[in-house]
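The values are calculated or read from the model by the stated rules, or taken from the named source; none is laboratory data. The shown structure was predicted, so the numbers you read here are calculated from the model rather than taken from an experiment. Ideal geometry is used to build each Cβ from the backbone, glycine not excepted, and the neighbour counts take in all protein chains shown.
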Amino acid sequence: MAFANGKLILLGEHAVVYGSPAIACGIQRGVFARADPAQVGELVIGERRISADPTSGNDLSRALQALLGELALGPHCITLRIELPTGAGLGASAAMGVACARAVLEAHGLPCESRRVLAAAGAWERVFHGNPSGIDAAAAERGGCLWFTKAEGIQPLALACDLPAVVAIAGPPASTREMVEQVARLAAAKPELVQRSMSSITALVRNGRTALEHGDFAALGQLMNLNQMLLAGLFVSTDGIERACGVARDAGAWGAKLTGSGGGGAIVAIAEDPERVVSALRSEGFESFVTQVQAVPSSGLDPMRVES
Ligand code: MEV
């Protein structure tokens with residue numbers, strides 16, 4: 001079966017849509033897909049069967065049609081196994097798109113070239129998010145830790161060592177499209193405020209890169225806390241997110257913030273003792289798990305461009 005990673009954004013979500021850099025990483029949990037040529041395009045997710053249809057009111061149905069159209073290899077029946085929470089900011093929809101694209105290519109014995117996979121996943125993602133920056137698909141496709149800008153695409157980051165992280169679900173899912181549109185409305189109403197926030201986020205993403213590359217996770221944690229304050233200033237945080245971040249910090253996390261679009265969904269915390277943070281979060285009722293962000297040597301990976 002083809003696989004694609006879920007993702008965490010350590011720094012820079014929302015600002016990345018406006019051209020700022022962001023730092024993301026793939027996580028071990030993700031989505032598996034298997035594709036077989038068929039008479040009609042179809043997705044099978046557990047008991048659900050969804051047919052490809054460009055006019056459907058169902059996003060998955062239109063996304064499948066868009067993905068199969070981009071790949072131009074004919075209709076397929078694609079079976080998905082989703083092993084991460086959906087709608088939580090962990091990149092489930094991008095991981096589905098990447099896994100589907102890989103599965104279709106593999107069904108034809110074709111190589112899973114990044115460019116082709118990302119073009120198909122981009123067509124899939126645009127159905128859900130309208131104007132995605134491309135960071136979710138990039139992390140799902142590449143894994144490891146990466147620096148991303150809309151203009152330049154991916155640059156893999158080499159970490160000094162593995163980074164222990166904790167993910168907690170801080171509230172019900174929110175729509176990425178709605179959260180991105182909410183920030184756009186704020187930017188139209190208060191351009192200076194949003195511009196200042198975006199500039200501050202850009203500065204701390206740049207410092208975060210240095211901290212990551214030097215293994216200074218305490219500094220990275222402080223930058224994540226500052227990023228969370230700026231995201232709250234953009235009105236994408238919630239009481240649940242603030243509470244979960246507080247629990248993680250009180251349990252010794254270096255830093256904690258929302259990850260993804262906010263409005264609910266997941267937080268990410270980094271911590272020397274992630275198990276302690278997980279048990280504190282669980283005892284406060286937050287579903288939570290540990291994941292390692294793996295140090296990936298940049299030497300083996302070439303920077304590449306992603307269509308935005
Ligand atoms: C969603 O995971 C990240 C956002 O920045 C949207 C995007 O980059 O497309 C909120």
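ALA219 meets all of the listed conditions (1) hydrophobic (A, V, I, L, M, F, W, C); (2) more than 30 Å from ALA101 (Cβ to Cβ); (3) surrounded by 19 or more Cβ atoms within 10 Å (Cβ to Cβ) but one, namely (3).
Is it true that ALA4 is within 16 Å of the ligand (Cβ to nearest atom) and either assigned to a strand (DSSP E or B) or not small (Gly, Ala, Ser) (or both)? Yes, satisfied.
Annotation note: of VAL166, VAL117, the sole residue that is of a type in the set (Val, Ile, Thr), farther than 19 Å from GLY12 by Cβ and in contact with a Pro (Cβ under 7 Å, 6 or more places away or on another chain) is VAL166. Could you tell me whether ALA95 is under 12 Å from PHE3 (Cα atoms) and within 13 Å of the ligand (Cβ to nearest atom)? Yes, satisfied. When the residues of segment 117-157 are filtered to those that are more than 26 Å from VAL293 (Cα to Cα) and surrounded by fewer than 18 Cβ atoms within 10 Å (Cβ to Cβ), the one that is nearest to the ligand (Cβ to nearest atom) is ASN131. Considering only residues in segment 190-246 that are out of contact with any strand residue (DSSP E or B) (no Cβ under 8 Å at 6 or more places or on another chain), in a helix (DSSP H, G or I) and within 14 Å of the ligand (Cβ to nearest atom), the one that is nearest to LYS257 (Cα to Cα) turns out to be LEU230. In segment 64-86, what count of residues is obtained for those that are surrounded by 20 or more Cβ atoms within 10 Å (Cβ to Cβ) and closer than 19 Å to GLU47 by Cα? Residues meeting the conditions: 5. Only one of the numbered conditions (1) on the phi > 0 side of the Ramachandran plot; (2) within 16 Å of the ligand (Cβ to nearest atom) is not met by GLY252, and that is (2). Against the test of being within 16 Å of the ligand (Cβ to nearest atom), hydroxyl-bearing (Ser, Thr, Tyr) and not in a helix (DSSP H, G or I), the options THR79, THR86 yield a single qualifying residue, THR86. Does at least one position in segment 127-149 carry a residue that is modelled with pLDDT of 95 or more, of a type in the set (Lys, Arg) and part of a helix (DSSP H, G or I)? No - not one qualifying residue is present in segment 127-149. For the condition within 21 Å of the chain's Cα centre (by Cα), more than 16 Å from the ligand (Cβ to nearest atom), surrounded by fewer than 21 Cβ atoms within 10 Å (Cβ to Cβ) and at pLDDT 95 or above, GLU275 does not qualify. Note on segment 4-46: residues that are surrounded by 24 or more Cβ atoms within 10 Å (Cβ to Cβ) and of a type in the set (Asp, Glu) amount to 1. The lone criterion from (1) under 18 Å from CYS25 (Cβ atoms); (2) touching a Ser or Thr at 6+ places or on another chain (Cβ under 6 Å); (3) assigned to a helix (DSSP H, G or I); (4) not basic (Lys, Arg) left unmet by ALA158 is number (3). Answer yes or no: is there a residue in segment 230-240 that is touching a residue at least 24 places away in the same chain (Cβ under 8 Å) and in contact with a Pro (Cβ under 6 Å, 6 or more places away or on another chain). Among the residues of segment 230-240, not one is touching a residue at least 24 places away in the same chain (Cβ under 8 Å) and in contact with a Pro (Cβ under 6 Å, 6 or more places away or on another chain), which makes the answer no.
Scanning for something aliphatic (A, V, I, L, M), surrounded by fewer than 20 Cβ atoms within 10 Å (Cβ to Cβ) and within 16 Å of the ligand (Cβ to nearest atom), does segment 159-176 turn up at least one residue? Looking through segment 159-176, none of the residues is aliphatic (A, V, I, L, M), surrounded by fewer than 20 Cβ atoms within 10 Å (Cβ to Cβ) and within 16 Å of the ligand (Cβ to nearest atom). If the condition is being away from the ligand (no atom under 16 Å from the Cβ), in contact (Cβ under 8 Å) with a residue 60 or more places away in the chain and of a type in the set (D, E, K, R), then segment 13-59 contributes ARG34, ASP36.
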